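Read the structure below first, then the notes.
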Amino acid sequence: MNFLPEEIEQYAEQFTSSEPKLLADLNRFTHGNVLQSRMISGHLQGRVISMLSKMIRPKTVVEVGTYTGYSALCWAEGLVDGGVVHTIEIDDELEPKIRKFINQSEFTNRIELHIADAMKKLNELEGPFDIVFLDADKSNYSNYLALVMDKVRPGGYIVADNVLWSGKVTESIEEMDPDTKALYEYAQMVHSDTRLENVLLPIRDGLLIARKIV
């Protein structure tokens with residue numbers, strides 16, 4: 001869900017740098033060939049991700065939930081020399097589609113795709129991480145945070161997508177479905193952690209950006 005009126009979103013995109021051609025092609029491919037295409041980050045959020053990466057200049061990015069690879073390619077845009085994006089996807093049927101576009105990009109050797117269970121892979125990956133991006137099963141966001149917290153460097157970032165969940169997070173707790181409740185609890189967990197400072201941006205379906213202070 002997008003919370004901006006359509007004309008405001010169009011205006012925002014008008015004055016946002018264009019997405020690279022490969023990403024535009026990937027966007028069209030995803031909408032034409034992949035189920036649940038609304039899951040793709042898309043132009044505006046993709047440029048936000050790219051800008052964050054270029055500001056932070058990460059060496060190691062860990063992404064939980066690849067989908068078709070759009071956001072992984074955006075995070076790769078700001079990598080320092082020798083940097084890498086580790087992107088984790090559980091759905092092996094998406095692998096050919098992901099690799100098709102990664103292999104066409106300039107980041108072929110800088111994006112490592114892991115078809116794996118995210119909890120297991122996060123345990124295996126060694127830190128320090130500069131950025132962790134959560135965009136997978138919402139019920140596990142808090143578990144993912146607990147797994148990566150000690151591996152994120154001081155000054156590093158944890159970014160979570162879909163934290164507004166079509167506005168359902170504003171319902172009473174008694175009315176929340178399990179995923180909505182999990183996202184609400186994740187936001188509470190981040191907001192109450194004294195090791196973090198955070199801001200929730202109402203972009204697309206909500207991005208919660210947390211910076212690890214210590």
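The values are calculated or read from the model by the stated rules, or taken from the named source; none is laboratory data. Fair warning: this is a prediction, and the values are worked out from it, not measured in the lab. When we count neighbours, we look across all protein chains shown, and the Cβ atoms used for this are built from the backbone with ideal geometry, even at glycine.
No other residue among 147, 196, 200, 183 is modelled with pLDDT of 95 or more and surrounded by 21 or more Cβ atoms within 10 Å (Cβ to Cβ) apart from 183. Within the range 37-76, the only residue that satisfies the criterion of being at pLDDT below 95 and among the charged types (D, E, K, R) is 38.
Is it the case that some residue within the range 34-52 is on the phi < 0 side of the Ramachandran plot and loosely packed, with under 11 Cβ neighbours inside 10 Å? Within the range 34-52, one or more residues are on the phi < 0 side of the Ramachandran plot and loosely packed, with under 11 Cβ neighbours inside 10 Å.
Summed over the range 105-118, the residues that are loosely packed, with under 14 Cβ neighbours inside 10 Å and within 24 Å of residue 35 (Cβ to Cβ) give a count of 1.
Report the residue count in the range 179-213 for those that are of a type in the set (Gly, Ala, Ser) and either in a helix (DSSP H, G or I) or more than 29 Å from residue 8 (Cα to Cα) (or both). I'd like the intermediate steps shown before the answer.
Taking the range 179-213 as the starting set, the residues that turn out to be of a type in the set (Gly, Ala, Ser) are 182, 187, 192, 206, 210.
Among the residues that remain, those that are also either in a helix (DSSP H, G or I) or more than 29 Å from residue 8 (Cα to Cα) (or both) are: 182, 187, 192.
Residues flagged as of a type in the set (Gly, Ala, Ser) and either in a helix (DSSP H, G or I) or more than 29 Å from residue 8 (Cα to Cα) (or both) within the range 179-213 amount to 3.
The condition (being crowded, with 20+ Cβ neighbours inside 10 Å and touching a Leu at 6+ places or on another chain (Cβ under 6 Å)) is satisfied by just one residue among 122, 79, 134: 122.
Quick check: anything in the range 157-166 in a helix (DSSP H, G or I), surrounded by fewer than 17 Cβ atoms within 10 Å (Cβ to Cβ) and at pLDDT below 95?
Yes; the residues of the range 157-166 include at least one that is in a helix (DSSP H, G or I), surrounded by fewer than 17 Cβ atoms within 10 Å (Cβ to Cβ) and at pLDDT below 95.
Residues in the range 53-74 that are closer than 21 Å to residue 29 by Cα, of a type outside the set (A, V, I, L, M) and touching a Leu at 6+ places or on another chain (Cβ under 8 Å) were compared, and the one that is surrounded by the most Cβ atoms within 10 Å (Cβ to Cβ) is 69.
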